[in-house]
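Peer 1: Quick one: the structure is below, and I'll ask about it shortly.
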């Protein structure tokens with residue numbers, strides 16, 4: 001078994017300590033940081049995401065895999081920077097104004113980072129003004145908005161309006177999600193994408209970045 | 001036609017017997033909903049503030065809206081932290097935001113005007129040491145946990161015009177509240193022994209309190225668990241883990257209930273519960289509640305097709321129509337008709353009625369439900 005396959009297997013099992021050790025070993029073996037990232041780690045998280053979508057694994061398994069990914073990245077990041085490897089994209093992510101629930105948002109963030117998208121996490125109860133400022137400052141290509149409640153989902157629309165008013169709506173793709181949100185609601189408020197779960201969100205984000 | 005009361009009606013429906021009409025039931029309201037209705041003059045401010053599941057004000061409000069009763073009213077015993085942690089402001093962040101330690105020992109973010117589930121900032125329960133120091137002493141059985149006074153009152157109302165329920169507690173949802181979703185997920189893998197020990201402690205406590213309650217001779221029409229461990233795509237825990245670690249406790253408690261004649265056992269779990277339903281059925285839970293229609297379109301129909309009459313349901317009425325108009329309410333009642341025809345199912349708004357609900361739409365719903373279902 002190659003070391004990258006081993007990293008992938010251990011990452012999927014959430015073995016953070018062993019992933020970290022093997023990433024160190026792979027670097028000292030002279031394997032390119034980009035290959036370790038793509039073939040050892042991102043591919044593993046994509047497999048976890050697929051299994052999550054298929055109900056083959058559940059939230060705890062996704063979380064421990066994401067934790068192992070983070071552990072591996074700690075070791076790998078300096079090498080990636082040195083090699084000039086950039087994230088595949090950047091996203092501003094938050095739970096919208098009036099809403100303090102962040103489990104879904106955090107899961108999406110983990111899945112995004114798992115597929116190589118850098119996240120600017122604004123936390124919870126976030127309004128359009130904060131989003132506009134974060135997009136301008138970070139140069140993010142994606143804005144990802146979470147809402148738990150029927151009463152707060154309209155804040156997603158308010159944020160899209162704020163992006164329009166700031167003249168930057170066309171420079172970002174807006175993704176929406178959360179328990180009460182549907183595809184038709186996303187269409188109604190002019191979002192670019194709706195996904196039902198965190199793994200699908202990461203897949204769609206990659207597609208949006210590639211488009 | 002034999003005249004029966006709401007208690008008999010509900011029991012008849014859940015046991016697939018003949019009944020005269022469907023009781024029109026609710027699952028309570030957000031406080032903000034009641035305050036809005038008070039501002040509109042439908043309720044007094046006192047009623048809005050005093051409402052609680054099954055209290056007198058609950059009956060007053062139900063009567064004004066046309067509901068027969070609220071399904072959320074059960075006899076609850078002390079199966080969680082005793083005492084709970086002191087609720088206190090840890091830090092004022094300014095701008096109407098603050099960090100507050102809640103009764104579960106969790107520091108959460110509170111924000112004026114935000115009414116959703118709070119964001120968790122930090123947890124007191126993180127490992128074995130914190131469990132043994134702060135939580136285990138609050139989870140030991142004592143006679144104080146059994147509210148004999150409430151049982152006495154309950155005995156006096158045992159022939160009331162509504163089904164009577166015993167709240168069993170929670171074996172996983174409460175633990176999730178204490179340690180957080182991430183913490184619980186890591187605990188499952190990092191310290192399986194502690195994970196099992198905590199669940200065993202909770203299961204044994206729920207059993208003991210239930211046993212003492214039932215040993216008084218008090219009778220119940222149903223028992224009720226609470227978990228809330230699913231989101232819009234599925235469960236927060238693997239069904240296999242639930243079956244292995246939590247299932248045996250459910251089985252032990254539901255067997256005890258059966259021995260005391262309680263054959264309807266419901267479970268309150270929001271979200272998409274499909275993957276957990278077989279595990280629950282295997283372990284004695286036979287009634288799903290509140291069957292959130294939401295974005296995942298939960299319904300008793302596919303479960304009945306898959307599991308037969310063993311599965312019953314209460315809920316499954318899409319409460320979002322209350323924010324729309326009479327036509328939307330009519331359409332929802334039409335949608336419910338074939339589900340009611342399946343038997344073993346009582347429609348109920350699929351969660352607390354939210355602040356976007358219009359008073360007149362809820363009144364219209366109760367009125368039309370009576371026309372539609374006898």
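The values are calculated or read from the model by the stated rules, or taken from the named source; none is laboratory data. Values in this document were obtained by computation on a predicted structure and should not be read as measured data. Note that we place each Cβ from the backbone using ideal geometry, even for glycine, and neighbour counts take in every protein chain shown.
Peer 1: Given the options A:134, A:193, A:201, name the one that is within 12 Å of chain B (Cβ to nearest Cβ) and touching a strand residue (DSSP E or B) at 6+ places or on another chain (Cβ under 7 Å). Step through it out loud before you land on a result.
Peer 2: Working: A:134 fails: within 12 Å of chain B (Cβ to nearest Cβ); A:193 fails: within 12 Å of chain B (Cβ to nearest Cβ).
Result of the check over A:134, A:193, A:201: A:201.
Peer 1: Pick from the stretch B:115-133 the residues that are part of a loop (DSSP other than H, G, I, E, B) and modelled with pLDDT of 90 or more: which of them is surrounded by the most Cβ atoms within 10 Å (Cβ to Cβ)?
Peer 2: Ranking the qualifying residues of the stretch B:115-133, first place goes to B:125.
Peer 1: Sticking with this one: Can you find even one residue in the stretch B:310-317 that is surrounded by fewer than 17 Cβ atoms within 10 Å (Cβ to Cβ), under 22 Å from residue A:196 (Cα atoms) and either within 15 Å of the chain's Cα centre (by Cα) or within 14 Å of chain A (Cβ to nearest Cβ) (or both)?
Peer 2: Taking the stretch B:310-317 as the starting set, the residues that turn out to be surrounded by fewer than 17 Cβ atoms within 10 Å (Cβ to Cβ) are B:310.
Those still in the list that are under 22 Å from residue A:196 (Cα atoms) too: none.
No, there is no match, as no residue in the stretch B:310-317 is surrounded by fewer than 17 Cβ atoms within 10 Å (Cβ to Cβ), under 22 Å from residue A:196 (Cα atoms) and either within 15 Å of the chain's Cα centre (by Cα) or within 14 Å of chain A (Cβ to nearest Cβ) (or both).
Peer 1: Another question about this same structure. Which residue, of B:277, B:285, B:329, is more than 17 Å from the chain's Cα centre (by Cα), in the same structural domain as residue B:366 (by TED's automatic domain parsing) and surrounded by 16 or more Cβ atoms within 10 Å (Cβ to Cβ)?
Peer 2: Values: B:277 fails: more than 17 Å from the chain's Cα centre (by Cα); B:285 fails: more than 17 Å from the chain's Cα centre (by Cα).
Of the residues listed, the single one that is more than 17 Å from the chain's Cα centre (by Cα), in the same structural domain as residue B:366 (by TED's automatic domain parsing) and surrounded by 16 or more Cβ atoms within 10 Å (Cβ to Cβ) is B:329.
Peer 1: Using the structure shown, decide if residue B:134 is touching a residue at least 12 places away in the same chain (Cβ under 8 Å), within 14 Å of chain A (Cβ to nearest Cβ), on the phi < 0 side of the Ramachandran plot and more than 21 Å from the chain's Cα centre (by Cα). Please lay out each step first, then the result.
Peer 2: Details: touching a residue at least 12 places away in the same chain (Cβ under 8 Å): yes; within 14 Å of chain A (Cβ to nearest Cβ): no; on the phi < 0 side of the Ramachandran plot: yes; more than 21 Å from the chain's Cα centre (by Cα): yes.
Here the answer is no, as residue B:134 does not meet what is asked.
Peer 1: Quick one: is residue A:59 under 30 Å from residue A:124 (Cβ atoms), within 13 Å of chain B (Cβ to nearest Cβ) and in contact (Cβ under 8 Å) with a residue 60 or more places away in the chain?
Peer 2: So residue A:59 fails the test.
Peer 1: Do we have any residue at all in the stretch B:329-347 that's within 14 Å of chain A (Cβ to nearest Cβ) and either modelled with pLDDT of 95 or more or outside any helix (DSSP H, G or I) (or both)?
Peer 2: Filtering the stretch B:329-347 down to residues within 14 Å of chain A (Cβ to nearest Cβ) leaves none.
No - not one qualifying residue is present in the stretch B:329-347.
Peer 1: Related question: Go through the residues of the stretch A:82-94 one by one and say whether even a single one is farther than 25 Å from residue B:93 by Cβ, crowded, with 24+ Cβ neighbours inside 10 Å and either modelled with pLDDT of 95 or more or within 15 Å of the chain's Cα centre (by Cα) (or both).
Peer 2: yes
Peer 1: Sticking with this structure for a sec: So which residues in the stretch A:161-177 are within 24 Å of residue A:150 (Cα to Cα) and touching a strand residue (DSSP E or B) at 6+ places or on another chain (Cβ under 9 Å)?
Peer 2: A:163, A:173, A:174, A:175, A:176, A:177
Peer 1: Shifting gears a bit: Among the residues of the stretch A:43-56, write down those that are touching a residue at least 40 places away in the same chain (Cβ under 8 Å) and either surrounded by fewer than 23 Cβ atoms within 10 Å (Cβ to Cβ) or more than 12 Å from residue A:8 (Cβ to Cβ) (or both).
Peer 2: A:46, A:49, A:50, A:52, A:53 - these are the residues of the stretch A:43-56 that are touching a residue at least 40 places away in the same chain (Cβ under 8 Å) and either surrounded by fewer than 23 Cβ atoms within 10 Å (Cβ to Cβ) or more than 12 Å from residue A:8 (Cβ to Cβ) (or both).
Peer 1: Now a separate question. With the structure loaded, tell me whether residue B:251 is surrounded by fewer than 23 Cβ atoms within 10 Å (Cβ to Cβ) and without any contact (Cβ under 8 Å) to a residue 60 or more places away in the chain or whether it fails that test. I'd like the intermediate steps shown before the answer.
Peer 2: Values: surrounded by fewer than 23 Cβ atoms within 10 Å (Cβ to Cβ): yes; without any contact (Cβ under 8 Å) to a residue 60 or more places away in the chain: yes.
In short, yes.
Peer 1: Just to verify a result, which residue in the stretch A:64-75, among those that are more than 13 Å from the chain's Cα centre (by Cα) and closer than 21 Å to residue B:233 by Cβ, is farthest from the other protein chains (Cβ to nearest Cβ)?
Peer 2: Applying the first criterion (more than 13 Å from the chain's Cα centre (by Cα)) to the stretch A:64-75 yields A:64-65, A:67-68, A:71-75.
Now narrow it down to the ones that are closer than 21 Å to residue B:233 by Cβ: A:64-65, A:67.
On the way: A:64: 5, A:65: 10, A:67: 7 Å.
Looking at the filtered set, the residue picked out is A:65.
Peer 1: Being more than 7 Å from chain A (Cβ to nearest Cβ), buried (at least 16 other Cβ atoms within 10 Å of the Cβ) and either on the phi > 0 side of the Ramachandran plot or assigned to a loop (DSSP other than H, G, I, E, B) (or both) is the filter here, so list the residues in the stretch B:92-114 that pass it.
Peer 2: Residues satisfying the conditions are B:102, B:104, B:105.
Peer 1: Quick one: is residue B:243 facing chain A (nearest Cβ under 10 Å) and surrounded by fewer than 24 Cβ atoms within 10 Å (Cβ to Cβ)?
Peer 2: Considered against the rule, which asks whether it is facing chain A (nearest Cβ under 10 Å) and surrounded by fewer than 24 Cβ atoms within 10 Å (Cβ to Cβ), residue B:243 comes out as no.
Peer 1: A further question on this structure: Take the stretch B:68-97 and flag every residue that is over 30 Å from residue B:368 (Cα atoms) and touching a helix residue (DSSP H, G or I) at 6+ places or on another chain (Cβ under 7 Å). Quick ask: steps written out before the conclusion?
Peer 2: Filtering the stretch B:68-97 down to residues over 30 Å from residue B:368 (Cα atoms) leaves B:75-97.
If the condition is that a residue be over 30 Å from residue B:368 (Cα atoms) and touching a helix residue (DSSP H, G or I) at 6+ places or on another chain (Cβ under 7 Å), then B:75, B:77, B:78, B:79, B:80, B:81, B:82, B:83 are the ones that fit.
Peer 1: Please determine, by comparing only the residues of the stretch A:79-122 that are touching a residue at least 60 places away in the same chain (Cβ under 8 Å) and part of a helix (DSSP H, G or I), which one is nearest to residue A:209 (Cα to Cα).
Peer 2: Within the stretch A:79-122, the match that is nearest to residue A:209 (Cα to Cα) is A:112.
Peer 1: Another one. Residues being touching a residue at least 40 places away in the same chain (Cβ under 8 Å) and in a helix (DSSP H, G or I): count how many of those fall in the stretch B:348-371.
Peer 2: Going residue by residue through the stretch B:348-371, those that are touching a residue at least 40 places away in the same chain (Cβ under 8 Å) are B:348-355, B:357, B:359, B:361-363, B:365-367, B:369-370.
Next, only the ones that are in a helix (DSSP H, G or I) stay: B:359, B:361-363, B:365-367, B:369-370.
Within the stretch B:348-371, residues that are touching a residue at least 40 places away in the same chain (Cβ under 8 Å) and in a helix (DSSP H, G or I) number 9.
Peer 1: Can you pull out the residues in the stretch A:159-186 that are within 14 Å of chain B (Cβ to nearest Cβ) and either more than 17 Å from the chain's Cα centre (by Cα) or assigned to a helix (DSSP H, G or I) (or both)?
Peer 2: Within the stretch A:159-186, the first condition is being within 14 Å of chain B (Cβ to nearest Cβ), and the residues that meet it are A:176-186.
Scanning the stretch A:159-186 gives A:179, A:180, A:181, A:182, A:183, A:184, A:185, A:186.
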